[in-house]
Amino acid sequence: MQRRDNPYTPGAGRRPPLLAGRDRDLEDFTSLVEIVSGGGAERSLIFYGLRGVGKTVLLMELDILAAEAGWATTDVQEVGSQPDFRSTFAQMASRLLREMSRRHRIKDRVDRALSVVKAFSVVTPGGVQLKLDVEVAQGVADTGDPEQDLVDLLREIGETARAAQSGALFVIDEMHNLDSSSLAAVCMAFQAVSRARLPVALVAAGLPDLQVRLMKAKPYADRLFEYRELGRLRDVEAHVALVKPASTLGVEFTRAAATEVVHLAAGYPYFLQEYGRELWNAAETSPITAADVAEVRDLVKEQLARTFYGPRFDMATDAEQRYLVAMAAQGDGPYATSAVSSLWGAADQRRTSPHRDSLLQKGLIWSPRRGQVDFTVPLFADFLRDHHPLERFETPS
Ligand SMILES: Nc1ncnc2c1ncn2[C@@H]1O[C@H](COP(=O)(O)OP(=O)(O)O)[C@@H](O)[C@H]1O
Ligand SMILES: [Mg+2]
């Protein structure tokens with residue numbers, strides 16, 4: 001097979017040749033857009049799951065669907081890189097307004113809304129100054145209180161969208177990066193536009209504890225949004241994700257080969273893409289057989305170690321690495337923090353809690369419940385046991 005025809009797409013946020021197992025999410029989103037466009041209320045969607053399950057590419061797809069329905073969209077925006085989340089929202093808002101003015105001739109209304117965006121961004125400490133060729137609005141979105149100002153900003157977007165007979169979609173990725181007060185402001189603002197039946201919606205994604213973080217920020221967040229877990233694909237879906245892209249190009253898999261890959265990839269979309277790519281490059285002829293799978297197996301493992309697990313492990317300090325390795329040494333998660341701490345070599349759990357917190361902060365682990373931790377990357381424990389056994393780590397002094 002020609003390498004240049006390889007249809008597989010391993011990597012972060014790379015749109016797969018076939019989006020397997022997401023039909024229901026796409027349908028529900030389409031009906032959300034219809035309902036909200038018609039002045040109805042429907043809960044916005046929040047997706048959560050481990051790394052590599054397909055959160056980002058699903059958001060990309062929803063962004064396209066909304067645009068096709070005539071909505072203005074922000075495109076997928078990763079939050080958390082700016083010191084203040086309001087800078088990201090100001091940028092998203094101005095982008096939405098520009099799109100609305102391009103598609104619908106409502107320049108005056110958009111200019112008025114842009115002056116509100118300007119007011120909003122002026123009060124953001126250390127914010128990026130947007131180049132907006134309008135006066136600063138007075139008395140709207142400029143109190144300096146993030147909750148109140150974000151409510152004003154979203155209302156303005158919603159009213160402008162309504163005037164344009166359109167809608168506005170915010171698409172937020174890595175939402176777990178936002179701190180509690182930022183999440184609270186986001187909840188409050190989306191509740192306000194939903195109450196006012198304005199055509200504004202949110203689709204967001206983040207790590208598995210995103211829902212808990214939102215509920216801690218605002219208790220009503222559990223009813224405000226619809227939460228969807230993204231995990232392993234079911235066997236049939238994983239099968240299709242692997243086999244279909246090749247068969248479209250005239251290359252088949254034997255049944256045994258496909259079953260073996262689905263098993264090795266444990267149904268994780270990212271791993272399926274990685275196997276698909278290597279198999280395509282390695283196999284001489286169609287159909288791809290179980291012997292081909294056996295041949296690329298180590299290559300794929302190496303590839304994952306180098307590109308997926310390795311760089312994440314390197315993000316941790318020595319003491320944090322020891323913490324990760326002590327987790328993995330206990331089998332599969334979730335892990336009790338007390339047990340991890342003693343295996344780490346701490347006499348007192350307080351000794352390891354800064355390391356645990358820093359790993360949480362870096363998004364390498366998450367906490368399924370109080371006193372427990374688990375990896376955010378699928379099958380990380382297997383990688384660590386193979387490549388970094390605890391015995392090889394020095395005992396902390
Ligand atoms: N539904 C799917 N079907 C097939 N492949 C997918 C699917 N979702 C994601 N992928 C592939 O999985 C990988 C990870 O996707 P990504 O959206 O970056 O995951 P996440 O954002 O959850 O970390 C990419 O290589 C992508 O092409
Ligand atoms: Mg992602």
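Look at Ala67 and say whether it is surrounded by 16 or more Cβ atoms within 10 Å (Cβ to Cβ), more than 16 Å from ligand 1 (Cβ to nearest atom) and either closer than 15 Å to Ser166 by Cα or of a type in the set (S, T, N, Q) (or both).
Details: surrounded by 16 or more Cβ atoms within 10 Å (Cβ to Cβ): no; more than 16 Å from ligand 1 (Cβ to nearest atom): yes; either closer than 15 Å to Ser166 by Cα or of a type in the set (S, T, N, Q) (or both): yes.
For Ala67, the condition - surrounded by 16 or more Cβ atoms within 10 Å (Cβ to Cβ), more than 16 Å from ligand 1 (Cβ to nearest atom) and either closer than 15 Å to Ser166 by Cα or of a type in the set (S, T, N, Q) (or both) - is not met.
Is it fair to say Gln191 is at positive phi and in contact (Cβ under 8 Å) with a residue 24 or more places away in the chain? Walk me through how you get there before you give the answer.
Values: at positive phi: no; in contact (Cβ under 8 Å) with a residue 24 or more places away in the chain: yes.
So Gln191 does not fit the description; no.
Here is a list: Pro17, Pro83. Which entry is outside any strand (DSSP E or B), away from ligand 2 (no atom under 16 Å from the Cβ), of a type outside the set (Val, Ile, Thr) and modelled with pLDDT of 95 or more? Working first, answer last.
Numbers: Pro83 fails: modelled with pLDDT of 95 or more.
Unique residue meeting the criteria: Pro17.
So Ser182 clears everything in (1) of a type in the set (Gly, Ala, Ser); (2) part of a helix (DSSP H, G or I); (3) over 23 Å from the mean Cα position of the chain (by Cα) except one condition, right? Which one?
With (1) of a type in the set (Gly, Ala, Ser); (2) part of a helix (DSSP H, G or I); (3) over 23 Å from the mean Cα position of the chain (by Cα) applied to Ser182, the lone miss is (3).
Quick one: Pro10 ticks every box in (1) within 16 Å of ligand 2 (Cβ to nearest atom); (2) not in a loop (DSSP other than H, G, I, E, B) bar one, so which box is it?
Just one mismatch for Pro10, condition (2).
May I ask you to say which residue of Gly70, Gly52 is away from ligand 2 (no atom under 16 Å from the Cβ), in contact (Cβ under 8 Å) with a residue 60 or more places away in the chain, among the small types (Gly, Ala, Ser) and not in a helix (DSSP H, G or I)? Spell out the reasoning first.
Numbers: Gly52 fails: away from ligand 2 (no atom under 16 Å from the Cβ).
Selected residue: Gly70, the only one of Gly70, Gly52 that is away from ligand 2 (no atom under 16 Å from the Cβ), in contact (Cβ under 8 Å) with a residue 60 or more places away in the chain, among the small types (Gly, Ala, Ser) and not in a helix (DSSP H, G or I).
Identify, by number, the condition in (1) modelled with pLDDT of 95 or more; (2) assigned to a loop (DSSP other than H, G, I, E, B); (3) away from ligand 2 (no atom under 15 Å from the Cβ); (4) under 25 Å from Gln211 (Cα atoms) that Leu26 doesn't meet.
(2)
Check whether at least one residue in the range 347-366 is surrounded by 14 or more Cβ atoms within 10 Å (Cβ to Cβ), outside the structural domain of Gly49 (by TED's automatic domain parsing) and in contact with a Gly (Cβ under 7 Å, 6 or more places away or on another chain), and report yes or no.
There is no residue in the range 347-366 that is surrounded by 14 or more Cβ atoms within 10 Å (Cβ to Cβ), outside the structural domain of Gly49 (by TED's automatic domain parsing) and in contact with a Gly (Cβ under 7 Å, 6 or more places away or on another chain).
Please go through (1) among the hydrophobic types (A, V, I, L, M, F, W, C); (2) buried (at least 21 other Cβ atoms within 10 Å of the Cβ); (3) more than 7 Å from ligand 1 (Cβ to nearest atom); (4) within 16 Å of the chain's Cα centre (by Cα) for Leu58 and return the number of the only condition it doesn't satisfy.
Result: Leu58 fails condition (3) only.
Kindly establish whether Leu97 is touching a residue at least 40 places away in the same chain (Cβ under 8 Å), within 15 Å of ligand 2 (Cβ to nearest atom), in contact with a helix residue (DSSP H, G or I) (Cβ under 6 Å, 6 or more places away or on another chain) and in a helix (DSSP H, G or I). Spell out how you get there, then give the answer.
Numbers: touching a residue at least 40 places away in the same chain (Cβ under 8 Å): yes; within 15 Å of ligand 2 (Cβ to nearest atom): no; in contact with a helix residue (DSSP H, G or I) (Cβ under 6 Å, 6 or more places away or on another chain): yes; in a helix (DSSP H, G or I): yes.
Taking the combined requirement at face value, the residue does not satisfy it.
Mind telling me which of the residues Leu224, Leu233, Leu207 ends up being in contact (Cβ under 8 Å) with a residue 40 or more places away in the chain, touching a Cys at 6+ places or on another chain (Cβ under 8 Å) and not acidic (Asp, Glu)? Outline the logic, then answer.
Working: Leu233 fails: touching a Cys at 6+ places or on another chain (Cβ under 8 Å); Leu207 fails: touching a Cys at 6+ places or on another chain (Cβ under 8 Å).
None of the others qualify; the one that does is Leu224.
Quick grid of which residues meet (1) small (Gly, Ala, Ser); (2) within 14 Å of ligand 1 (Cβ to nearest atom); (3) over 28 Å from Asp374 (Cα atoms):
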position	(1), (2), (3)
Ala41	yes, no, yes
Arg51	no, yes, no
Thr73	no, no, yes
Val76	no, yes, no
Gln82	no, no, no
Ala93	yes, no, yes
Leu114	no, no, yes
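Which one is nearest to Leu65 (Cα to Cα) among residues in the range 147-181 that are of a type in the set (Val, Ile, Thr) and crowded, with 24+ Cβ neighbours inside 10 Å? Break it down stepwise before answering.
Taking the range 147-181 as the starting set, the residues that turn out to be of a type in the set (Val, Ile, Thr) are 151, 157, 160, 171-172.
If we keep only those that are crowded, with 24+ Cβ neighbours inside 10 Å too, we end up with 157, 160, 172.
Values: Ile157: 20, Thr160: 21, Ile172: 15 Å.
Among those residues, the one meeting the criterion is Ile172.
Would you mind listing the helices (runs of 4 or more DSSP H) fully within the range 189-308 where at least 2 residues are buried (at least 22 other Cβ atoms within 10 Å of the Cβ) and away from ligand 1 (no atom under 15 Å from the Cβ)?
Details: elements: 210-217, 221-224, 235-247, 255-264, 269-282, 290-304.
Result: 290-304.
The values are calculated or read from the model by the stated rules, or taken from the named source; none is laboratory data. Small disclaimer: the values here were computed from a predicted structure and weren't measured. Cβ: placed from backbone, ideal geometry, glycine included. Neighbour counts: every protein chain shown.
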